[in-house]
1. Tell me, please, whether a residue that is in contact with a Pro (Cβ under 8 Å, 6 or more places away or on another chain), surrounded by 22 or more Cβ atoms within 10 Å (Cβ to Cβ) and farther than 20 Å from HIS23 by Cα can be found in region 177-195.
2. Restricting to region 71-89, name every residue that is closer than 16 Å to PRO131 by Cβ and touching a residue at least 12 places away in the same chain (Cβ under 8 Å).
3. So is ARG103 outside any helix (DSSP H, G or I) and surrounded by fewer than 17 Cβ atoms within 10 Å (Cβ to Cβ) or not?
4. Evaluate the following for ARG151: is it of a type in the set (Lys, Arg) and within 19 Å of ALA76 (Cβ to Cβ)?
5. Checking the structure you have, find out if any residue of region 77-84 is modelled with pLDDT under 95, surrounded by 23 or more Cβ atoms within 10 Å (Cβ to Cβ) and not aliphatic (A, V, I, L, M).
6. Taking the options ILE72, ILE87, ILE98, name whichever one is within 23 Å of ALA192 (Cα to Cα) and among the aliphatic types (A, V, I, L, M).
7. What is the one condition in (1) buried (at least 19 other Cβ atoms within 10 Å of the Cβ); (2) modelled with pLDDT under 95 that ALA70 does not satisfy?
Amino acid sequence: MSTTASLTGRLRADCESDWQLLHEHAFVRGLADATLPPDAFRFYLEQNLQYLPEYARAMALGASHADDLATIRVFAADLANVVEVEIPENEELLRRTIELGARDHGGAQGMAPATLAYTSFLVAAAARGGPLEIMAAILPCAWSYAEIAGRLAGEIADHPVYTDWVGFYLTAEVLGLVHQMRDSFDQMFVKANPGPDVRWRLGENFVTSSRLEGAFWEMAYTLDQWPDLAGGHPGGRRDEPAPCPPGPTSPPAP
């Protein structure tokens, strides 16, 4: 980890290449110019609605591990936003995306491999770490979404759903929450003044979540679902119905 700027600034700078890949991903670029297939956006939303409760669970564990009221309030505010605002927003966007005719590719049938990997990491990091380690793991999600939306703000094409997705992550409430998360994390770090081992874990948690963000976009773009949940087609695609099992055959003639 470098030794310049605030903790959050250092963490962000140390995985610049990972974040640049988020901005350049085909899913994000498709949002920008409205060429993203609605099927991919539906798959993304269905997976996100399975991801967000586990993300909230990690926040709840952060509050349970806190040793002061201020830290409990930080995690409680994050948790309330996910449960009361972000999940309902995703549910509404999903309803509208289905109305556009987006096809079902098994996104709601269960967590895809990338979703399972990401949520498992978050909950494991929250179970075995303290508030600092937990904040390092959960921050890239909220922060990268706000940063992606900020870069898309000036170029987003008009679209009945994608434009509103970008707009949601540019609201004062969301941007204020991300600012609060960063500021609180920096203050928690200064107050704790952790040793080298904890500092290393913070960097590892932050960069791992950043990489998993990229894996989540890739999963949504390629519709990468377990084959048995996506009609048995390689890569999670279900562009045509899965073949039916063969029927009974006649016994051979004597």
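The values are calculated or read from the model by the stated rules, or taken from the named source; none is laboratory data. If you're wondering where the values come from, they're calculated on a predicted model, not measured in any experiment. Every residue, glycine as well, gets a Cβ built from its backbone with ideal geometry; the counts of neighbours run over all protein chains shown.
1. no
2. Within region 71-89, THR71, VAL74, PHE75, ALA76, ALA77, ASP78, LEU79 meet the criteria.
3. The answer is yes for ARG103.
4. Considered against the rule, which asks whether it is of a type in the set (Lys, Arg) and within 19 Å of ALA76 (Cβ to Cβ), ARG151 comes out as no.
5. The answer is yes, given that some residue of region 77-84 is modelled with pLDDT under 95, surrounded by 23 or more Cβ atoms within 10 Å (Cβ to Cβ) and not aliphatic (A, V, I, L, M).
6. Every option except ILE72 fails the conditions.
7. Checking ALA70 against (1) buried (at least 19 other Cβ atoms within 10 Å of the Cβ); (2) modelled with pLDDT under 95, the one that fails is (1).
For every residue, the table says whether it meets (1) surrounded by fewer than 18 Cβ atoms within 10 Å (Cβ to Cβ); (2) free of Cβ contacts under 8 Å to residues at least 40 places away in the same chain; (3) of a type in the set (A, V, I, L, M); (4) in contact with a helix residue (DSSP H, G or I) (Cβ under 9 Å, 6 or more places away or on another chain).
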site: LEU122; (1), (2), (3), (4): no, no, yes, yes
site: GLY129; (1), (2), (3), (4): no, no, no, yes
site: LEU132; (1), (2), (3), (4): no, no, yes, yes
site: PRO140; (1), (2), (3), (4): no, no, no, yes
site: TRP143; (1), (2), (3), (4): no, no, no, yes
site: GLU147; (1), (2), (3), (4): yes, no, no, yes
site: ALA153; (1), (2), (3), (4): yes, yes, yes, yes
site: HIS159; (1), (2), (3), (4): no, no, no, yes
